[in-house]
Structure formats: C-alpha cells, structure tokens
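S.K.: So that we are looking at the same thing, I have put the structure below in structure tokens.
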Amino acid sequence: MQNETAGEPPKKPSLWQLVKTTLCAAVGVQTDANREVDFSQSSPLPYIVMGVLFTIIFLGTLITIAKLAIG
C-alpha cells in the first residue's frame, strides 16, 4: 500500500498538496491515489491545521456575505 522504500521516512506534504487535499475534502471528492499519499504521511497535524484554517476562512466568508446581503 505504501510506496516508500524500506527505512526511508515519508516526505512532508507540500503547501500545494495540503491545499488541494483540503479543498477536495471540502467538496467530497478525492482519488484513491491521493488518499493513499495523504494517509501515508507520518503526522496528521498539517492536515488538521489546514482544515481548521479552511473552516475559519470559510465561515468568515459566509458571515461577510450574509452581512453584505442584509445591508
């Protein structure tokens, strides 16, 4: 399942990979290959941080749109 060579630590995900994974998770689509890469990472912390940041930005955007629509 993992494409790592024996004894080699997994690479840290790039910022672009984190953004892409977060947006795919928000929409609910993800390829099996990308999912396997995401779950092969050594730490879930970067994905958790990116998810929290995305949620804050998303909610801020919704609140701003609602305030602009109300007047």
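The values are calculated or read from the model by the stated rules, or taken from the named source; none is laboratory data. All of these numbers come straight from a predicted model, not from anything done at the bench. Cβ atoms come from the backbone with ideal geometry, glycine included; neighbour counts cover every protein chain shown. What goes into the accessible areas is simple: the full protein's heavy atoms, side chains included, and nothing from ligands, DNA or RNA. Shrake-Rupley method; radii C 1.70, N 1.55, O 1.52, S 1.80 Å.
S.K.: So what is the 222 nm mean residue ellipticity for the chain from helices alone, if each DSSP H run of at least 4 adds -39500 (n - 2.57) and you divide by all residues, rounding to the nearest 500 deg cm²/dmol?
M.R.: Values: 3 runs with 47 residues, N = 71.
Estimated from H runs of four or more residues: -22000 deg cm²/dmol.
S.K.: Regarding the chain, what whole-number volume in Å³ per residue does the convex hull of its Cα atoms give?
M.R.: In the chain, the Cα hull volume divided by residue count equals 80 Å³.
S.K.: Have a look at 59, 27, 39 and report the one farthest towards the positive end of the charge dipole of segment 9-71, computed about the Cα centre with Cβ charges (Lys/Arg +1, Asp/Glu -1).
M.R.: Positive-most Cα among the choices belongs to 59.
S.K.: Also, I was wondering about something else. Leaving ligands, DNA and RNA out of it, report the carbon-plus-sulfur percent of the accessible area of the chain at a 1.4 Å probe.
M.R.: Ligands and nucleic acids excluded, carbon and sulfur reach 70 percent.
S.K.: Describe numerically, in nm with one decimal, the distance between label points set 7 Å from Cα along Cα→Cβ at residue 31 and at residue 65.
M.R.: 2.9
S.K.: Length gain on complete extension for the stretch residue 15 to residue 56, per 0.36 nm per residue less the alpha carbon to alpha carbon distance?
M.R.: Full-extension gain reported as 13.0 nm.
S.K.: Apply the membrane-span-like helix rule to the chain: whole DSSP H runs, Cα extent along the own long axis of at least 27 Å, mean Kyte-Doolittle hydropathy at least 0.0. List the helices found.
M.R.: 45-70
S.K.: Then there's this: Kindly report the accessible area of segment 26-71 per residue (heavy atoms of protein chains, probe 1.4 Å, no ligands, DNA or RNA), in Å².
M.R.: Counting only protein heavy atoms, the per-residue value for segment 26-71 is 80 Å².
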